[in-house]
Amino acid sequence: MVYANDMEMQGKKSFKAVNVGGRMPLTLQGSREASKKVYDKLGINTVNWDMVARGEVDTSNRGVPFVDLKYKEGIVPNVVGMGLMDALYVMENAGFKTHVFGKGRVGAQSLTAGQKLPFGTAINLELK
């Protein structure tokens, strides 16, 4: 069960992390803070792969891998695979006007990631 805003809103519950088949859960791109908050409540360690690559983190403890989401104003980010809220947040913070079609996760975007374009350029996101 996932709680959208408040882990305590349904009263006290006992949470137990489940490791199925020796694999850790998959973390999609999006809000690192939101994902980390959920994993912390569930007692699951996280590992920042950006920090591992720079040699700043001890990798002896296993954890759910995540990569810091980076975006720059005027540079089209890659939001394919993200949920709508995360994709809109990233696109708007990068300075793009977003139009959404469909439902589900972002399956395609009309502008190629990495392009430098003027502030306010329109981009279409197709959800699948």
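The values are calculated or read from the model by the stated rules, or taken from the named source; none is laboratory data. Quick caveat: nothing in here was measured; it's all calculated off a predicted structure. We place every Cβ from the backbone using ideal geometry, glycine too, and count neighbours over all the protein chains shown. Keep in mind that these areas ignore ligands, DNA and RNA; they rest on the heavy atoms of the full protein, side chains included. Shrake-Rupley method; radii C 1.70, N 1.55, O 1.52, S 1.80 Å.
Take the residues of region 72-81 that are surrounded by 22 or more Cβ atoms within 10 Å (Cβ to Cβ) and among the aliphatic types (A, V, I, L, M): which is farthest from Leu127 (Cα to Cα)?
Val76
Go through (1) in contact with a helix residue (DSSP H, G or I) (Cβ under 7 Å, 6 or more places away or on another chain); (2) open to solvent by less than 50 Å² (accessible area, probe 1.4 Å); (3) part of a loop (DSSP other than H, G, I, E, B) and name the single condition Thr98 misses.
Every condition holds for Thr98 apart from (3).
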